[in-house]
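Read the figures in this text as sums done on the coordinates, not as results from a lab. The model shown is predicted, which means the values in this text are computed figures rather than measured ones. We place every Cβ from the backbone using ideal geometry, glycine too, and count neighbours over all the protein chains shown.
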């Protein structure tokens, strides 16, 4: 029993620190007062590195994956005599569930570990303490731009990937014929009701916040020893992937149960 407690206690403490930091970071990110000209410049720079720089590769990856999955869904639906529901399956499973999660994972792999490493090294080198001594708030100068950039990046990439999926889905179902547009828009309107759109938006916001908040909190757990940085980054990435999966599970439960 003592072994269980010693392993479970630090795990709870790490999540408590993540939640504590998340409250401060999200409150600051939602406040207009946090966005000085310097903060906005850092936010734009982070959006460039997080989303714009990877946009061609991301759209290529998303387009290929969507094309293959849509072709599989359409072919299987026709084989089992449920072709009338193929578009519903594409919109419900691919656009609403899979693409947002894959987008979050894509950004997490590119930016999550980088954010955790940057924050850990700034903490180890004393740069964060130097900002505080100079009268600057590290939360506003370094952390809020990364949170805001992650939220904007994941939301924007999800919208672009979903738009590409809709184009591919229409082509797979109706080819180049304009006569399927009426049925396509009818099914689209049925699937994307107000509650569904609100839920998708909330999920993208939670994904974006998690991709930045969890790595930042992990970076702050590093000690003054340089060797602690890889340990902090690894722990942060494990917690990040767990949280992304949890958000998706809760989303599925809210939608289908």
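Return the FRET efficiency for the residue pair residue 130, residue 198: r is the Cβ-Cβ distance, R0 is 51 Å, and the value is rounded to the nearest 0.05.
0.75
With angles folded into 0 to 90 degrees, how steeply does helix 194-220 sit against the dominant principal axis of the chain? Use alpha carbons for both and round to 10.
30
Does segment 76-130 classify as rounded, prolate or oblate by the C-alpha gyration tensor (a ≥ b ≥ c root eigenvalues; a/c under 1.5 gives rounded; else a/b over b/c gives prolate, otherwise oblate)?
The shape class here is prolate.
Can you pull the one-decimal nm distance between simple spin-label points at residue 68 and residue 32, each 7 Å off the Cα toward Cβ?
For the pair residue 68/residue 32, the computed spacing is 4.7 nm.
Just order 245-251, 155-161 by mean Cβ neighbour count inside 10 Å, highest at the front, would you?
By packing density, highest mean first, the sequence is 155-161, 245-251.
Report the label-to-label distance for residue 75 and residue 137 in nanometres (one decimal), using points 7 Å from each Cα along the Cα→Cβ vector.
5.6
If packing is taken as the average number of other Cβ atoms within 10 Å across a peptide's residues, how do 214-221, 197-204 rank, most packed first? It would help to have the intermediate numbers written out before the result.
On the way: 214-221: 25.8, 197-204: 15.9.
Top to bottom by mean Cβ count within 10 Å: 214-221, 197-204.
What's the angle, to the nearest 10 degrees (0 to 90), between helix 144-174's Cα axis and the longest principal axis of the chain?
Long axis of 144-174 versus the principal axis of the chain: about 10 degrees.
Going by alpha carbons, how many degrees (0 to 90, nearest 10) lie between the helix axis of 228-256 and the longest principal axis of the chain?
Its long axis makes an angle of about 40 degrees.
Please report the relative contact order for segment 35-256, taking Cα pairs under 8 Å with a sequence separation of at least 6, and give it as a percent rounded to a whole number.
33
Mind sorting out which of [x] 21.1, 69; [y] 22.4, 71; [z] 19.7, 76 is the real Rg and Dmax of the Cα atoms in Å computed from the coordinates?
Only one option fits the structure, namely [x].
May I ask you to compute the full-extension gain from residue 181 to residue 225, defined as 0.36 nm times their residue separation minus their alpha-carbon distance, rounded to one decimal in nm?
Length difference between fully extended and current span is 9.8 nm.
Going by average Cβ neighbours within 10 Å, how do the peptides 140-148, 222-230 rank, with the highest at the top?
Most protected by this proxy first, the peptides run 140-148, 222-230.
Round to the nearest 0.05 the FRET efficiency obtained for residue 19 and residue 249 when R0 = 22 Å and r is the Cβ-Cβ distance. Before the final figure, lay out each step's value.
Numbers: r = 18 Å, r/R0 = 0.82.
About 0.75, to the nearest 0.05.
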